[in-house]
Amino acid sequence: MSKNRSWGGRFSGEQHAATTAYTQSQSFDRDLYKHDISASKAHAAMLARQGIIPADDARAIIKGLDRVREEIATGVFAWKPELEDVHMNVEARLTELVGDAGKKLHTGRSRNDQVGLAFRLYVADGMERWQRNAVTLCAVLTKRAAEHRDDILPGCTHLQPAQPVSLAQHLLAYAWMFRRDTERLDDALKRVRVSPLGAAALAGAPYPLDPLGVAEEVGFSAIYGNSMDAVSDRDFVLEAIFCAATLMMHLSRLCEEIILWANPAYGFVRLPDGYSTGSSIMPQKKNPDVAELMRGKTGRVYGALTALLTVMKGLPLAYNRDMQEDKEAFFDADATVESSLRIMAGMLDELEFRADRMREACSRGFLNATELADYLAGKGLPFREAHHAAGRAVAAAEGCGRGLEDMSLDEFQKIEPRIEQDVYAALDCATAVRRRETPGGTGPRAVERQLEQLARWMSGRR
């Protein structure tokens, strides 16, 4: 008979060692032990409450499960690969501790719905950690933005100089991204926090179970609508990893800017020593390795999402063992997202912004060309004509190696007679920033409103 006591009655021969090694998951899914035990305690209490098992047996089971949890936490628990996974390891040890009462725990459930609930609890905990870390990162971004309200730099489109913006506005753009990531997780968590326990293997159970009571005891507010869907659904993991991938994409974009800004050709930031590395051969190097590695790790999370989508794409109802592959994909994404959010917050907190280099860069690339077009539109010239006139002015200034602000009034008036002396005030980059006070804009009052909005949101999250 097989050594696996959960299903060994059907078998007379021993499983090959290679098969045991290939199919086991306890080497990695043991991380679910707290969540599995919490769900099992709720299930045992429900079985007693519904009169399915004696109350004394339920009390013994719950006490035994607490002891198993303590053994695992303290490292004295003996994991057995032949028992395949964390769930059967826990149940086997429980039975050793409390005897026949432990064998009653699995009444009315299957590993299919048992695994589903434990993993949903684990995924929900992970998503909540991401949210807390994303809010912390938002706090760092808003703090740094508040410190640099008056500093300006070239805003770019197509990675080409476009218009001057405040550094605060640039940093707050990322704060809004991570706010959306947090709210996206809120929405996804509604679908993660759905208990499948009670669906059993696929068809439901013949006992008078109370699935909603179990769900509420573990902190969920909803149960499955269809038992076959409940045990074969992994959209909740996919949606969680999609949220993780989006978070990493936003982090990677921020990393890309830090990498560019740290290059002396930009010189917009000085990297903190604690978040940089050097070269084994070039003593002058200070490399943005943390940002580069985070940009690279984004691919790991994308890979986890693609891997699980591929696992699920051809599976018929209901449960299939392929779904065991969901754990490692999520575990890796979870560890990557949490560590990346933490280290980005730390790096940004210590990053030194070179406001002098940013302001200097605003004098290159004709960032004030739109100001000239808007100036001419204010003088009554239709904007499309004003745009063309400003373009001719840029071409003239570029031809003689000067900026628009360096052109003489006579040169301007040869291009468009409506240009007057007041054009020079309009061409000042700081003035351009101050004029843009539309909601969400880069003007001082608009930035202040963003800071206030984000502060209120973060206060509510805490």
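The values are calculated or read from the model by the stated rules, or taken from the named source; none is laboratory data. Since the structure is predicted, the reported quantities are computational estimates derived from the model, not experimental observations. Cβ coordinates were reconstructed from backbone atoms using ideal geometry, including for glycine residues, and neighbour counts include every protein chain displayed. Please note that ligands, DNA and RNA were not included when accessible areas were found on the heavy atoms of the full protein model with its side chains. Shrake-Rupley method; radii C 1.70, N 1.55, O 1.52, S 1.80 Å.
So for the chain, taking the charge dipole from beta-carbon charges (+1 Lys/Arg, -1 Asp/Glu), which of Ile241, Gln284, Val192 sits furthest toward the positive end?
Farthest along the dipole direction, towards plus: Val192.
Quick one: of Lys143/Lys190; Lys41/Lys313; Lys63/Lys104, which pairs are farther than 23 Å apart, Cα to Cα?
In this structure, Lys143/Lys190; Lys41/Lys313 lie more than 23 Å apart at Cα.
If I histogram all Cα-Cα distances within segment 106-177 using bins 5 Å wide from 0, what percent of pairs lands in each bin?
3, 14, 14, 13, 10, 9, 8, 7, 6, 6, 5, 3, 2, 1
What number, rounded to the nearest 500 deg cm²/dmol, is the helix-based mean residue ellipticity at 222 nm of the chain, given -39500 (n - 2.57) per DSSP H run of at least four residues and division by all its residues?
Helices in the chain give a 222 nm mean residue ellipticity of -20000 deg cm²/dmol.
Report P(r) for segment 228-270: all Cα-Cα distances, bin width 10 Å, range 0 to the bin holding the largest distance, values in whole percent.
Per 10 Å bin, starting at 0, the Cα pair percentages come out as 25, 26, 20, 15, 9, 5.
Report in % the part of the accessible area of segment 69-132 that belongs to carbon and sulfur, leaving out ligands and nucleic acids; probe 1.4 Å. Walk me through the intermediate numbers first.
On the way: 1050 of 2300 Å².
Here it works out to 46 percent.
How much of the DSSP beta bridge set in the chain is antiparallel, as a percent to the nearest 5? The partial results should precede the final answer.
Working: 9 of 11 bridges.
Roughly 80 percent of the beta bridges in the chain run antiparallel, per DSSP.
Only sites in a loop by DSSP and with at most 11 other Cβ atoms within 10 Å count here; which trypsin sites (Lys or Arg not before Pro) in segment 211-301 make the cut?
Working: sites: Arg234, Arg253, Arg270, Lys285, Lys286, Arg295, Lys297, Arg300; in loops: Arg234, Lys285, Lys286.
Counting only loop positions with at most 11 other Cβ atoms within 10 Å, the trypsin sites (Lys or Arg not before Pro) in segment 211-301 are Lys285.
Might you tell me the accessible area per residue for the chain, computed with a 1.4 Å probe and given in Å²? Could the numbers behind the result be given before it?
Working: 21530 Å² over 462 residues.
Per residue, the chain has an accessible area of 47 Å².
Please provide three numbers in whole Å: the alpha-carbon extents of segment 77-210 along the principal axes, with the largest listed first.
That works out to 73, 34, 25 Å along the principal axes.
Could you work out, for the chain, what percent of all Cα-Cα pairs fall into each 20 Å distance bin, beginning at 0 Å and stopping at the bin that holds the largest distance?
The calculated distribution, bin by bin, is 20, 39, 25, 13, 3, 0.
Below 8 Å, C-alpha to C-alpha, sequence gap of six or more: please give me the relative contact order for segment 106-261 in percent.
Normalised by residue count, the contact order of segment 106-261 is 28 percent.
List residues of segment 170-208, by number, whose backbone nitrogen lies under 18 Å from a label position 7 Å along Cα→C-beta of Arg149.
170-173
Quick one: putting +1 on the C-beta of Lys and Arg, -1 on the C-beta of Asp and Glu, what dipole do you get for the chain around its Cα centre, in Debye to the nearest 20?
540 debye
Using only the Cα atoms of segment 354-432, what do you get for the radius of gyration and for Dmax, in Å?
12.2, 39
Translational D (Stokes-Einstein, µm²/s) of segment 241-393 at 4 °C and 1.567 mPa s when Rh comes from the Kirkwood sum over C-alpha pairs?
The calculation lands on 67 µm²/s.
Please state, as a whole number in µm²/s, the translational diffusion coefficient that the Stokes-Einstein equation yields for segment 1-96 at 20 °C and 1.002 mPa s, with Rh defined as the Kirkwood radius across alpha carbon pairs.
Value of D from the Cα-based Kirkwood radius: 149 µm²/s.
Could you name the lysines in cross-link range of Lys286, using Cα to Cα under 25 Å and dropping any fewer than eight places away on the same chain?
Lys297
How large, in percent, is the carbon and sulfur part of the accessible surface of segment 309-435 at a probe radius of 1.4 Å?
Carbon plus sulfur share of accessible area: 50 percent.
Could you work out what % of the accessible surface of segment 165-284 is carbon and sulfur, using a 1.4 angstrom probe and leaving DNA, RNA and ligands out of the count?
55 percent
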